[in-house]
2 protein chains.
Amino acid sequence: MLQLYFSPLACSLSSRIALMEAGLQARYRQVNLWTKTRVEDDGDFRAVAPKGAVPVLVLENGEHLTESAAVLQYIADLRPEAGLAPRFGDPDRYRLQEWLSFIGAEIHKAFLFPTFWYKDDGSLAKPRARITQTLSVPSAHLADREFLVGSRFTIADAHLAWALLLLRPAGVDIAQFPPIASYLERMQARPAVKEAIATEMALRKAVAA
Amino acid sequence: MLQLYFSPLACSLSSRIALMEAGLQARYRQVNLWTKTRVEDDGDFRAVAPKGAVPVLVLENGEHLTESAAVLQYIADLRPEAGLAPRFGDPDRYRLQEWLSFIGAEIHKAFLFPTFWYKDDGSLAKPRARITQTLSVPSAHLADREFLVGSRFTIADAHLAWALLLLRPAGVDIAQFPPIASYLERMQARPAVKEAIATEMALRKAVAA
(Lines give C-alpha, C1' and ligand atoms only; values in the text may rest on other atoms or scores of the structure.)
Protein backbone atom coordinates (compact mmCIF):
# COMPACT_ATOMS: atom_id res chain seq x y z
CA MET A 1 0.00 0.00 0.00
CA LEU A 2 1.13 3.55 -0.72
CA GLN A 3 2.20 5.57 2.28
CA LEU A 4 2.07 9.35 2.55
CA TYR A 5 4.12 11.23 5.09
CA PHE A 6 2.22 14.40 5.86
CA SER A 7 1.82 17.19 8.36
CA PRO A 8 -1.68 18.57 8.97
CA LEU A 9 -2.47 21.42 6.55
CA ALA A 10 1.08 21.46 5.13
CA CYS A 11 1.40 21.17 1.36
CA SER A 12 1.09 17.39 1.65
CA LEU A 13 -2.65 18.08 1.93
CA SER A 14 -2.76 18.36 -1.87
CA SER A 15 -1.41 14.83 -2.14
CA ARG A 16 -4.06 13.58 0.28
CA ILE A 17 -6.73 15.29 -1.82
CA ALA A 18 -5.31 13.70 -4.98
CA LEU A 19 -5.26 10.22 -3.40
CA MET A 20 -8.85 10.61 -2.25
CA GLU A 21 -10.05 12.03 -5.56
CA ALA A 22 -8.35 9.07 -7.28
CA GLY A 23 -9.97 6.62 -4.86
CA LEU A 24 -6.56 5.26 -3.86
CA GLN A 25 -5.95 3.77 -0.44
CA ALA A 26 -2.89 4.89 1.45
CA ARG A 27 -1.41 4.76 4.91
CA TYR A 28 -1.08 8.31 6.23
CA ARG A 29 1.90 8.86 8.51
CA GLN A 30 1.98 12.10 10.44
CA VAL A 31 5.16 14.11 10.88
CA ASN A 32 6.01 16.91 13.28
CA LEU A 33 7.85 19.29 10.96
CA TRP A 34 9.21 21.45 13.80
CA THR A 35 10.89 18.58 15.63
CA LYS A 36 11.41 16.52 12.43
CA THR A 37 9.96 13.46 14.13
CA ARG A 38 7.38 10.88 13.15
CA VAL A 39 4.34 11.24 15.38
CA GLU A 40 3.52 7.52 15.68
CA ASP A 41 6.84 6.50 17.28
CA ASP A 42 8.85 9.71 17.73
CA GLY A 43 11.23 8.35 15.07
CA ASP A 44 13.69 10.58 13.24
CA PHE A 45 11.93 11.90 10.14
CA ARG A 46 15.22 12.93 8.53
CA ALA A 47 16.17 9.25 8.48
CA VAL A 48 13.14 8.76 6.24
CA ALA A 49 13.49 11.99 4.30
CA PRO A 50 16.82 13.85 4.39
CA LYS A 51 15.11 17.02 3.17
CA GLY A 52 12.93 16.97 6.27
CA ALA A 53 9.93 18.07 4.22
CA VAL A 54 6.54 16.67 3.28
CA PRO A 55 5.05 15.21 1.17
CA VAL A 56 6.97 11.97 0.97
CA LEU A 57 5.16 9.27 -0.95
CA VAL A 58 6.41 5.75 -0.26
CA LEU A 59 5.76 3.81 -3.47
CA GLU A 60 4.74 0.17 -3.66
CA ASN A 61 8.39 -0.75 -4.42
CA GLY A 62 9.56 1.05 -1.28
CA GLU A 63 11.12 4.02 -3.07
CA HIS A 64 10.45 7.49 -1.72
CA LEU A 65 9.20 10.27 -3.97
CA THR A 66 9.21 13.89 -2.77
CA GLU A 67 8.10 17.33 -4.07
CA SER A 68 4.40 17.97 -4.61
CA ALA A 69 4.74 18.47 -8.37
CA ALA A 70 6.21 14.98 -8.75
CA VAL A 71 4.09 13.23 -6.11
CA LEU A 72 0.87 14.67 -7.50
CA GLN A 73 1.67 13.63 -11.07
CA TYR A 74 2.65 10.16 -9.88
CA ILE A 75 -0.66 9.77 -8.06
CA ALA A 76 -2.66 11.06 -11.03
CA ASP A 77 -0.92 8.67 -13.42
CA LEU A 78 -1.61 5.68 -11.17
CA ARG A 79 -5.32 6.11 -11.89
CA PRO A 80 -5.60 7.77 -15.31
CA GLU A 81 -9.32 7.03 -15.50
CA ALA A 82 -9.85 9.54 -12.67
CA GLY A 83 -8.73 12.28 -15.05
CA LEU A 84 -6.64 14.05 -12.44
CA ALA A 85 -4.01 14.96 -15.05
CA PRO A 86 -4.17 15.27 -18.83
CA ARG A 87 -2.44 12.23 -20.29
CA PHE A 88 1.10 12.49 -21.60
CA GLY A 89 0.98 13.72 -25.16
CA ASP A 90 -1.94 16.05 -24.43
CA PRO A 91 -0.70 19.66 -24.68
CA ASP A 92 -2.64 20.41 -21.49
CA ARG A 93 -0.13 18.28 -19.60
CA TYR A 94 2.31 21.19 -19.89
CA ARG A 95 -0.37 23.62 -18.69
CA LEU A 96 -0.76 21.36 -15.65
CA GLN A 97 2.99 21.46 -15.03
CA GLU A 98 2.98 25.22 -15.50
CA TRP A 99 0.37 25.65 -12.76
CA LEU A 100 2.04 23.16 -10.43
CA SER A 101 5.27 25.12 -10.75
CA PHE A 102 3.59 28.50 -10.29
CA ILE A 103 1.70 27.41 -7.19
CA GLY A 104 4.73 25.65 -5.71
CA ALA A 105 7.21 28.43 -6.37
CA GLU A 106 5.22 31.67 -6.30
CA ILE A 107 2.48 31.03 -3.74
CA HIS A 108 4.01 28.32 -1.57
CA LYS A 109 7.75 28.90 -1.53
CA ALA A 110 7.79 32.67 -2.12
CA PHE A 111 4.95 33.56 0.26
CA LEU A 112 3.48 30.83 2.47
CA PHE A 113 6.86 29.41 3.44
CA PRO A 114 8.41 32.65 4.78
CA THR A 115 5.09 33.52 6.43
CA PHE A 116 4.84 30.32 8.46
CA TRP A 117 8.54 29.50 8.91
CA TYR A 118 10.51 32.73 9.02
CA LYS A 119 7.80 34.83 10.67
CA ASP A 120 9.91 37.93 11.41
CA ASP A 121 8.92 41.22 9.78
CA GLY A 122 12.19 41.52 7.87
CA SER A 123 11.55 38.26 6.07
CA LEU A 124 7.92 39.04 5.37
CA ALA A 125 7.77 42.61 4.08
CA LYS A 126 8.83 41.88 0.50
CA PRO A 127 6.85 38.64 0.01
CA ARG A 128 3.76 40.35 1.46
CA ALA A 129 4.12 43.29 -0.93
CA ARG A 130 4.24 40.83 -3.81
CA ILE A 131 1.41 38.40 -3.05
CA THR A 132 -1.39 40.53 -4.54
CA GLN A 133 0.31 40.54 -7.92
CA THR A 134 0.95 36.82 -7.61
CA LEU A 135 -2.71 36.07 -6.90
CA SER A 136 -3.88 38.23 -9.79
CA VAL A 137 -2.59 35.51 -12.14
CA PRO A 138 -4.90 32.67 -11.06
CA SER A 139 -7.68 35.18 -10.40
CA ALA A 140 -7.63 36.41 -14.01
CA HIS A 141 -7.39 32.84 -15.29
CA LEU A 142 -10.34 31.63 -13.21
CA ALA A 143 -12.61 34.56 -14.05
CA ASP A 144 -14.31 32.48 -16.74
CA ARG A 145 -13.15 28.96 -15.92
CA GLU A 146 -14.32 26.35 -13.47
CA PHE A 147 -10.94 24.60 -13.17
CA LEU A 148 -7.30 25.55 -13.76
CA VAL A 149 -6.69 23.12 -16.64
CA GLY A 150 -9.25 21.92 -19.14
CA SER A 151 -12.82 21.23 -18.06
CA ARG A 152 -12.35 18.97 -15.05
CA PHE A 153 -10.72 18.81 -11.64
CA THR A 154 -6.99 18.05 -11.76
CA ILE A 155 -4.09 17.85 -9.35
CA ALA A 156 -3.39 21.52 -10.15
CA ASP A 157 -6.73 22.29 -8.49
CA ALA A 158 -5.82 20.09 -5.53
CA HIS A 159 -2.62 22.10 -5.12
CA LEU A 160 -4.19 25.53 -5.59
CA ALA A 161 -7.09 24.74 -3.26
CA TRP A 162 -4.56 23.89 -0.54
CA ALA A 163 -2.56 27.06 -1.16
CA LEU A 164 -5.66 29.28 -1.12
CA LEU A 165 -6.86 27.64 2.09
CA LEU A 166 -3.62 28.69 3.79
CA LEU A 167 -3.82 32.31 2.66
CA ARG A 168 -6.34 33.29 5.35
CA PRO A 169 -4.16 32.19 8.31
CA ALA A 170 -1.28 33.84 6.42
CA GLY A 171 -3.16 37.14 6.66
CA VAL A 172 -4.38 37.51 3.07
CA ASP A 173 -8.04 38.22 2.41
CA ILE A 174 -8.88 36.39 -0.79
CA ALA A 175 -12.30 38.07 -0.92
CA GLN A 176 -10.47 40.83 -2.83
CA PHE A 177 -10.23 38.28 -5.67
CA PRO A 178 -13.82 37.15 -6.28
CA PRO A 179 -12.87 34.57 -8.94
CA ILE A 180 -10.53 32.72 -6.61
CA ALA A 181 -12.78 33.13 -3.58
CA SER A 182 -15.65 31.44 -5.42
CA TYR A 183 -13.27 28.87 -6.91
CA LEU A 184 -12.11 27.89 -3.42
CA GLU A 185 -15.74 27.53 -2.33
CA ARG A 186 -16.42 25.24 -5.30
CA MET A 187 -13.35 23.15 -4.57
CA GLN A 188 -14.21 22.86 -0.89
CA ALA A 189 -17.67 21.60 -1.82
CA ARG A 190 -16.19 18.52 -3.49
CA PRO A 191 -16.67 15.52 -1.18
CA ALA A 192 -13.07 14.31 -1.37
CA VAL A 193 -11.65 17.78 -0.84
CA LYS A 194 -14.03 18.45 2.02
CA GLU A 195 -13.15 15.18 3.74
CA ALA A 196 -9.39 15.65 3.26
CA ILE A 197 -9.51 19.14 4.74
CA ALA A 198 -11.75 18.10 7.65
CA THR A 199 -9.39 15.24 8.51
CA GLU A 200 -6.35 17.48 8.58
CA MET A 201 -8.14 20.33 10.36
CA ALA A 202 -8.99 17.91 13.19
CA LEU A 203 -5.41 16.64 13.38
CA ARG A 204 -4.11 20.20 13.30
CA LYS A 205 -6.34 21.20 16.19
CA ALA A 206 -5.10 18.19 18.14
CA VAL A 207 -1.48 19.31 17.55
CA ALA A 208 -2.23 22.91 18.54
CA ALA A 209 -4.19 21.89 21.67
CA MET B 1 10.10 28.87 -35.17
CA LEU B 2 10.09 28.67 -31.41
CA GLN B 3 10.76 31.93 -29.58
CA LEU B 4 12.25 32.22 -26.11
CA TYR B 5 11.87 35.36 -24.06
CA PHE B 6 14.89 35.51 -21.78
CA SER B 7 16.98 37.79 -19.63
CA PRO B 8 20.74 37.20 -19.53
CA LEU B 9 21.65 34.74 -16.76
CA ALA B 10 18.09 34.60 -15.41
CA CYS B 11 16.51 31.16 -15.05
CA SER B 12 15.59 31.23 -18.74
CA LEU B 13 19.23 30.24 -19.30
CA SER B 14 18.23 26.63 -18.54
CA SER B 15 15.74 26.75 -21.39
CA ARG B 16 18.42 28.09 -23.74
CA ILE B 17 20.71 25.24 -22.67
CA ALA B 18 17.91 22.73 -23.28
CA LEU B 19 17.18 24.14 -26.75
CA MET B 20 20.85 24.01 -27.68
CA GLU B 21 21.36 20.52 -26.25
CA ALA B 22 18.30 19.41 -28.25
CA GLY B 23 19.65 21.06 -31.40
CA LEU B 24 16.49 23.14 -31.74
CA GLN B 25 16.54 26.52 -33.45
CA ALA B 26 14.78 29.38 -31.68
CA ARG B 27 14.52 33.12 -31.84
CA TYR B 28 15.82 34.56 -28.59
CA ARG B 29 14.11 37.76 -27.47
CA GLN B 30 15.76 39.66 -24.66
CA VAL B 31 13.76 41.21 -21.83
CA ASN B 32 14.73 43.83 -19.28
CA LEU B 33 13.18 42.35 -16.14
CA TRP B 34 13.59 45.54 -14.09
CA THR B 35 11.70 47.75 -16.50
CA LYS B 36 9.54 44.88 -17.86
CA THR B 37 10.31 45.90 -21.41
CA ARG B 38 11.40 44.03 -24.51
CA VAL B 39 14.94 45.10 -25.44
CA GLU B 40 14.48 44.98 -29.22
CA ASP B 41 11.70 47.60 -29.37
CA ASP B 42 11.17 48.81 -25.79
CA GLY B 43 7.75 47.09 -25.95
CA ASP B 44 5.74 46.28 -22.83
CA PHE B 45 6.78 42.79 -21.69
CA ARG B 46 3.69 42.43 -19.49
CA ALA B 47 1.58 42.63 -22.64
CA VAL B 48 3.40 39.46 -23.73
CA ALA B 49 3.57 37.85 -20.31
CA PRO B 50 1.30 39.12 -17.54
CA LYS B 51 3.53 37.45 -14.92
CA GLY B 52 6.41 39.62 -16.08
CA ALA B 53 8.80 36.70 -15.68
CA VAL B 54 11.01 34.62 -17.92
CA PRO B 55 11.18 32.08 -19.47
CA VAL B 56 8.30 32.47 -21.90
CA LEU B 57 8.40 29.98 -24.73
CA VAL B 58 6.30 30.96 -27.74
CA LEU B 59 5.21 27.69 -29.32
CA GLU B 60 4.80 27.06 -33.03
CA ASN B 61 1.03 27.58 -32.66
CA GLY B 62 1.58 30.97 -31.02
CA GLU B 63 0.65 29.89 -27.50
CA HIS B 64 2.85 31.02 -24.64
CA LEU B 65 4.21 28.56 -22.11
CA THR B 66 5.81 29.76 -18.86
CA GLU B 67 7.56 28.26 -15.80
CA SER B 68 10.88 26.51 -16.28
CA ALA B 69 9.58 23.09 -15.18
CA ALA B 70 6.96 23.14 -17.94
CA VAL B 71 9.07 24.86 -20.62
CA LEU B 72 11.98 22.49 -20.08
CA GLN B 73 9.79 19.39 -20.32
CA TYR B 74 8.12 20.75 -23.43
CA ILE B 75 11.49 21.32 -25.10
CA ALA B 76 12.77 17.87 -24.10
CA ASP B 77 9.66 16.17 -25.46
CA LEU B 78 9.97 17.99 -28.81
CA ARG B 79 13.18 16.05 -29.47
CA PRO B 80 12.92 12.77 -27.51
CA GLU B 81 15.90 11.30 -29.34
CA ALA B 82 18.12 13.85 -27.56
CA GLY B 83 17.32 12.06 -24.29
CA LEU B 84 16.86 15.28 -22.33
CA ALA B 85 14.04 13.74 -20.29
CA PRO B 86 13.11 10.14 -19.52
CA ARG B 87 10.09 9.27 -21.63
CA PHE B 88 6.63 9.27 -20.11
CA GLY B 89 6.03 5.91 -18.47
CA ASP B 90 9.65 5.65 -17.31
CA PRO B 91 9.69 5.95 -13.49
CA ASP B 92 12.67 8.29 -13.84
CA ARG B 93 10.32 10.88 -15.32
CA TYR B 94 9.04 11.51 -11.78
CA ARG B 95 12.63 11.80 -10.52
CA LEU B 96 13.17 14.44 -13.17
CA GLN B 97 10.06 16.30 -12.00
CA GLU B 98 11.22 15.96 -8.39
CA TRP B 99 14.53 17.66 -9.20
CA LEU B 100 12.93 20.36 -11.33
CA SER B 101 10.63 21.21 -8.43
CA PHE B 102 13.43 21.14 -5.84
CA ILE B 103 15.71 23.39 -7.92
CA GLY B 104 12.88 25.76 -8.82
CA ALA B 105 11.44 26.07 -5.33
CA GLU B 106 14.33 25.54 -2.91
CA ILE B 107 17.34 26.99 -4.74
CA HIS B 108 15.74 29.48 -7.11
CA LYS B 109 12.64 30.81 -5.39
CA ALA B 110 13.71 30.37 -1.76
CA PHE B 111 17.28 31.64 -2.16
CA LEU B 112 18.33 33.16 -5.49
CA PHE B 113 15.16 35.18 -5.90
CA PRO B 114 15.33 37.06 -2.57
CA THR B 115 19.08 37.49 -3.03
CA PHE B 116 18.84 39.22 -6.39
CA TRP B 117 15.43 40.90 -6.07
CA TYR B 118 14.83 41.76 -2.44
CA LYS B 119 18.48 42.42 -1.54
CA ASP B 120 17.89 43.94 1.92
CA ASP B 121 19.39 42.17 4.93
CA GLY B 122 16.00 41.49 6.51
CA SER B 123 14.87 39.50 3.50
CA LEU B 124 18.13 37.61 3.19
CA ALA B 125 19.09 36.44 6.67
CA LYS B 126 16.79 33.43 6.82
CA PRO B 127 17.27 32.21 3.23
CA ARG B 128 21.03 32.56 3.67
CA ALA B 129 20.98 30.50 6.88
CA ARG B 130 19.13 27.79 5.01
CA ILE B 131 21.03 27.46 1.75
CA THR B 132 23.76 25.16 3.07
CA GLN B 133 21.21 22.57 4.08
CA THR B 134 19.45 22.99 0.74
CA LEU B 135 22.66 22.38 -1.21
CA SER B 136 23.54 19.32 0.86
CA VAL B 137 20.73 17.48 -0.95
CA PRO B 138 22.14 17.63 -4.51
CA SER B 139 25.67 17.35 -3.10
CA ALA B 140 24.92 14.02 -1.43
CA HIS B 141 23.08 12.81 -4.53
CA LEU B 142 25.93 13.72 -6.88
CA ALA B 143 28.68 12.24 -4.73
CA ASP B 144 28.63 9.07 -6.84
CA ARG B 145 26.66 10.15 -9.89
CA GLU B 146 27.58 11.98 -13.04
CA PHE B 147 24.07 13.37 -13.67
CA LEU B 148 20.99 14.10 -11.55
CA VAL B 149 18.71 11.54 -13.24
CA GLY B 150 19.79 8.28 -14.84
CA SER B 151 23.06 8.07 -16.72
CA ARG B 152 22.80 11.00 -19.12
CA PHE B 153 22.36 14.75 -19.26
CA THR B 154 18.76 15.89 -18.79
CA ILE B 155 16.88 19.14 -18.40
CA ALA B 156 17.27 18.72 -14.62
CA ASP B 157 21.02 19.15 -15.16
CA ALA B 158 20.38 22.19 -17.36
CA HIS B 159 18.36 23.72 -14.53
CA LEU B 160 20.78 22.82 -11.74
CA ALA B 161 23.81 24.01 -13.71
CA TRP B 162 22.14 27.40 -14.11
CA ALA B 163 21.25 27.58 -10.40
CA LEU B 164 24.77 26.62 -9.30
CA LEU B 165 26.27 29.17 -11.66
CA LEU B 166 24.31 31.92 -9.91
CA LEU B 167 25.37 30.89 -6.41
CA ARG B 168 28.77 32.58 -6.65
CA PRO B 169 27.41 36.06 -7.44
CA ALA B 170 24.83 35.32 -4.71
CA GLY B 171 27.70 34.98 -2.25
CA VAL B 172 27.77 31.21 -1.76
CA ASP B 173 31.05 29.37 -2.14
CA ILE B 174 30.15 26.01 -3.67
CA ALA B 175 33.72 24.76 -3.15
CA GLN B 176 32.43 23.67 0.27
CA PHE B 177 30.46 21.00 -1.63
CA PRO B 178 33.07 19.19 -3.75
CA PRO B 179 30.51 16.96 -5.52
CA ILE B 180 28.53 19.90 -6.83
CA ALA B 181 31.62 21.98 -7.58
CA SER B 182 33.03 19.23 -9.80
CA TYR B 183 29.56 18.57 -11.26
CA LEU B 184 29.29 22.23 -12.32
CA GLU B 185 32.73 22.01 -13.94
CA ARG B 186 31.61 18.93 -15.90
CA MET B 187 28.41 20.61 -17.00
CA GLN B 188 30.22 23.77 -18.05
CA ALA B 189 32.57 21.68 -20.19
CA ARG B 190 29.69 20.53 -22.39
CA PRO B 191 29.80 22.46 -25.68
CA ALA B 192 26.13 23.48 -25.66
CA VAL B 193 26.23 24.56 -22.01
CA LYS B 194 29.47 26.45 -22.54
CA GLU B 195 28.11 28.28 -25.57
CA ALA B 196 24.78 29.12 -23.88
CA ILE B 197 26.55 30.56 -20.84
CA ALA B 198 29.09 32.50 -22.93
CA THR B 199 26.30 34.04 -25.00
CA GLU B 200 24.39 35.22 -21.95
CA MET B 201 27.52 36.35 -20.09
CA ALA B 202 28.33 38.63 -23.03
CA LEU B 203 24.77 40.01 -23.11
CA ARG B 204 24.83 40.48 -19.36
CA LYS B 205 28.05 42.46 -19.53
CA ALA B 206 26.53 44.64 -22.25
CA VAL B 207 23.54 45.36 -19.97
CA ALA B 208 25.77 46.14 -16.99
CA ALA B 209 28.11 48.36 -19.01
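Compute the distance from the alpha-carbon center of segment B:40-61 to that of segment B:62-99, in whole Å.
About 21 Å separates the Cα centre of segment B:40-61 from the one of segment B:62-99.
Would you mind calculating the gained length between B:Glu40 and B:Ala140 on full extension (0.36 nm times residue separation, minus the Cα-Cα distance), in nm to one decimal?
Working: separation 100, 0.36 × 100 = 36.00 nm, distance 4.29 nm.
Stretched out fully, the B:Glu40 to B:Ala140 stretch lengthens by 31.7 nm.
List the residues of segment B:78-109 for which accessible area in the full set of protein chains is at least 20 Å² lower than for the chain on its own; 1.4 Å probe, protein heavy atoms only.
Residues meeting the cut-off: B:Phe88, B:Tyr94, B:Arg95, B:Gln97, B:Glu98, B:Ser101, B:Phe102, B:Ala105, B:Glu106, B:Lys109.
Report Rg/Rh for segment B:124-183, rounded to two decimals, where Rg is the Cα radius of gyration and Rh the Kirkwood radius.
Radius of gyration relative to Kirkwood radius: 0.97.
Can you give the percent of C-alpha pairs in chain B whose distance is more than 21 Å?
Every Cα pair in chain B considered, those over 21 Å come to 52 percent.
When only alpha-carbon atoms count, how far does segment B:92-192 stretch along each of its three principal axes, as whole angstroms with the largest first?
Largest first, segment B:92-192 extends 41, 27, 25 Å along its Cα principal axes.
Label the protein assembly as shown by shape, choosing from rounded, prolate and oblate, from the square roots a ≥ b ≥ c of the eigenvalues of the Cα gyration tensor; if a/c is under 1.5 it is rounded, and otherwise prolate applies when a/b is larger than b/c, oblate when it is not.
rounded
Mean separation of Cα pairs under 8 Å and 6+ residues apart, divided by the residue count of chain B: what relative contact order is that in percent?
Result for chain B is 23 percent.
HN-Hα J couplings of segment A:193-205 from phi, Karplus 6.51/-1.76/1.60, θ = phi - 60°, integer Hz, Gly and Pro as x?
5, 4, 5, 4, 5, 4, 4, 6, 4, 5, 5, 5, 5
Got a sec? Charge dipole of segment A:13-126, +1 on Cβ for Lys and Arg, -1 for Asp and Glu; which of A:Phe45, A:Gly23, A:Ser68 is way out at the positive end?
A:Phe45
So, with +1 on the Cβ of K and R and -1 on the Cβ of D and E, and no other charges, what is the size of the charge dipole of segment A:92-192 about its Cα centre, to the nearest 20 debye?
About 120 debye.
Under a point-charge model restricted to the Cβ atoms of Lys and Arg (+1) and Asp and Glu (-1), what is the dipole moment magnitude of the protein assembly as shown relative to its Cα centre, in debye to the nearest 20? Mind showing how you got there, number by number?
Values: 48 positive and 46 negative charges, 140 e Å.
Dipole magnitude for the protein assembly as shown comes out near 680 debye.
What distance in nm lies between label points placed 7 Å from Cα along the C-beta direction at A:Arg186 and B:Ala189?
Between A:Arg186 and B:Ala189, the label points sit 5.4 nm apart.
How much accessible surface does B:Trp117 have with a 1.4 Å probe, in Å² rounded to 10?
Roughly 90 Å² of B:Trp117 is accessible to a 1.4 Å probe.
Axis carrying B onto A: which residue of B has the nearest Cβ, and how far, whole Å?
Taking the axis that maps B onto A, the answer comes out as B:Gly122, 1.
Over all distinct Cα pairs, what is the inverse of the mean 1/r for segment A:2-75, reported as the Kirkwood hydrodynamic radius in Å?
With all distinct Cα pairs of segment A:2-75 included, I get 12.1 Å.
Kindly give the distances from B:Ala129 to its copy-mates, label point to label point, with each label point 7 Å from Cα along Cα→Cβ, as nm values to one decimal ordered shortest first.
2.3
Quick one: if the Förster radius is 41 Å, what FRET efficiency do B:Ala208 and B:Glu63 give, using the C-beta to C-beta distance and rounding to 0.05? Walk me through the intermediate numbers first.
Values: r = 33 Å, r/R0 = 0.81.
Efficiency at R0 = 41 Å is approximately 0.80.
The values are calculated or read from the model by the stated rules, or taken from the named source; none is laboratory data. Remember, it's a predicted structure, so these values are computed and weren't measured experimentally. When we count neighbours, we look across all protein chains shown, and the Cβ atoms used for this are built from the backbone with ideal geometry, even at glycine. When the accessible area is computed, the model is the full protein with side chains, heavy atoms only, and any ligands, DNA or RNA have been set aside. Shrake-Rupley method; radii C 1.70, N 1.55, O 1.52, S 1.80 Å.
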